[in-house]
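Asker: Here it is, the structure, as structure tokens.
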Amino acid sequence: ETGVTQTPRHLVMGMTNKKSLKCEQHLGHNAMYWYKQSAKKPLELMFVYSLEERVENNSVPSRFSPECPNSSHLFLHLHTLQPEDSALYLCASSQFFAGDGQETQYFGPGTRLLVL
Amino acid sequence: AQTVTQSQPEMSVQEAETVTLSCTYDTSESDYYLFWYKQPPSRQMILVIRQEAYKQQNATENRFSVNFQKAAKSFSLKISDSQLGDAAMYFCAYSGGGADGLTFGKGTHLIIQP
């Protein structure tokens, strides 16, 4: 695998379910991100992990719980979601403080989530 | 907080013609990065071009070039010799650098007429 991969690509869950989204980057980067893309809103930054530590949490409800066990993997744990949480969830990675051009974020294909 | 504005929800261009997508942004920083990403129907977000604010020279990547006006806080994307494969949503994005998240505009839907 190359680049940034995300699994599953599609997920349907009920409001009482617990599920997890997985992201893996094969680029040797040291920062990873979760974004939410809804039909009616611009892409929204949810979480940032740098060197496996969370450095940003953009007022995201606690029903979303991120986890970064190492620099290559990022998870988004979901529980008791609401229908308005249905969206495309995008993962990205970058290499910060690496010099010119290296701070670009590269995205995975996304997980399309539907909450019933 | 930084904001990014794309004022054109949709643009249409004939194949082989040139089209320019507009983007303005607001920041109080002097050092930052600007990006154009393309999102085709597959939903994969693909980097088109990148500009570092400290560089005066406009970035170019093959048929894609930008017009970066730092004082005006403007960052437009020019696509030359438009091809059917260029049809997609185009997003302008801002980053303060480091592990800063991206701030995106609402996007411009580009239609290529054969």
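Asker: Using beta carbons and a limit of 8 Å, which pairs, at least six apart or on different chains, have the first residue in the range A:58-74 and touching a residue at least 40 places away in the same chain (Cβ under 8 Å) and the second one surrounded by fewer than 17 Cβ atoms within 10 Å (Cβ to Cβ)?
Answerer: Note: pairs meeting the criteria are A:SER71/A:LEU51; A:SER71/A:GLU52; A:SER72/A:HIS26; A:HIS73/A:LYS22; A:LEU74/A:LYS22; A:LEU74/A:GLU67.
Asker: Another question about this same structure. Hey, among the residues in the range A:1-13 that are part of a strand (DSSP E or B) and polar (S, T, N, Q), which one's surrounded by the most Cβ atoms within 10 Å (Cβ to Cβ)?
Answerer: For the range A:1-13, the residue satisfying everything is A:GLN6.
Asker: Related question: How many residues does the range A:63-96 hold that are in a loop (DSSP other than H, G, I, E, B) and within 13 Å of chain B (Cβ to nearest Cβ)?
Answerer: Residues flagged as in a loop (DSSP other than H, G, I, E, B) and within 13 Å of chain B (Cβ to nearest Cβ) within the range A:63-96 amount to 3.
Asker: Then there is this: State the number of residues belonging to the range B:7-53 that are within 13 Å of another protein chain (Cβ to nearest Cβ), over 14 Å from B:TYR94 (Cα atoms) and not in a strand (DSSP E or B).
Answerer: 7
Asker: Looking at the range B:27-61, which of its residues are modelled with pLDDT of 90 or more and either of a type in the set (Gly, Ala, Ser) or in contact with a His (Cβ under 6 Å, 6 or more places away or on another chain) (or both)?
Answerer: B:SER28, B:ALA53, B:ALA59 - these are the residues of the range B:27-61 that are modelled with pLDDT of 90 or more and either of a type in the set (Gly, Ala, Ser) or in contact with a His (Cβ under 6 Å, 6 or more places away or on another chain) (or both).
Asker: Turning to a different aspect of this structure: Do you know which residues across the range B:90-103 are more than 14 Å from B:ASP26 (Cβ to Cβ) and either in a loop (DSSP other than H, G, I, E, B) or of a type outside the set (Ser, Thr, Tyr) (or both)?
Answerer: Those that are more than 14 Å from B:ASP26 (Cβ to Cβ) and either in a loop (DSSP other than H, G, I, E, B) or of a type outside the set (Ser, Thr, Tyr) (or both): B:PHE91, B:GLY97, B:GLY98, B:ALA99, B:ASP100, B:GLY101, B:LEU102.
Asker: Answer with yes or no whether B:GLU52 is under 14 Å from B:ILE112 (Cα atoms) and among the acidic types (Asp, Glu).
Answerer: Answer is no for this residue.
Asker: Quick one: would you say B:LYS73 is of a type in the set (D, E, K, R) and away from chain A (no Cβ under 14 Å)?
Answerer: In short, yes.
Asker: Is there a residue in the range A:53-70 that is under 13 Å from the mean Cα position of the chain (by Cα) and of a type in the set (Lys, Arg)?
Answerer: Yes, the conditions are met somewhere in the range A:53-70.
Asker: Only one of (1) touching a residue at least 60 places away in the same chain (Cβ under 8 Å); (2) touching a strand residue (DSSP E or B) at 6+ places or on another chain (Cβ under 6 Å); (3) closer than 13 Å to B:TYR94 by Cα is not met by B:SER74, so which one is it?
Answerer: In the conditions (1) touching a residue at least 60 places away in the same chain (Cβ under 8 Å); (2) touching a strand residue (DSSP E or B) at 6+ places or on another chain (Cβ under 6 Å); (3) closer than 13 Å to B:TYR94 by Cα, B:SER74 misses (1) alone.
Asker: Out of the range B:97-114, which residues are surrounded by fewer than 17 Cβ atoms within 10 Å (Cβ to Cβ) and either farther than 25 Å from B:VAL19 by Cα or at the interface with chain A (Cβ under 7 Å from one of its Cβ atoms) (or both)?
Answerer: Matches in the range B:97-114: B:GLY97, B:GLY98.
Asker: Additional query: Quick one: B:ASN67 ticks every box in (1) at pLDDT below 95; (2) polar (S, T, N, Q); (3) assigned to a strand (DSSP E or B) bar one, so which box is it?
Answerer: Among (1) at pLDDT below 95; (2) polar (S, T, N, Q); (3) assigned to a strand (DSSP E or B), B:ASN67 violates only (1).
The values are calculated or read from the model by the stated rules, or taken from the named source; none is laboratory data. For clarity, every value in this text was computed on a predicted model and none was experimentally measured. Quick reminder, even Gly has a Cβ in these numbers, built from the backbone with ideal geometry, and neighbours come from all protein chains shown.
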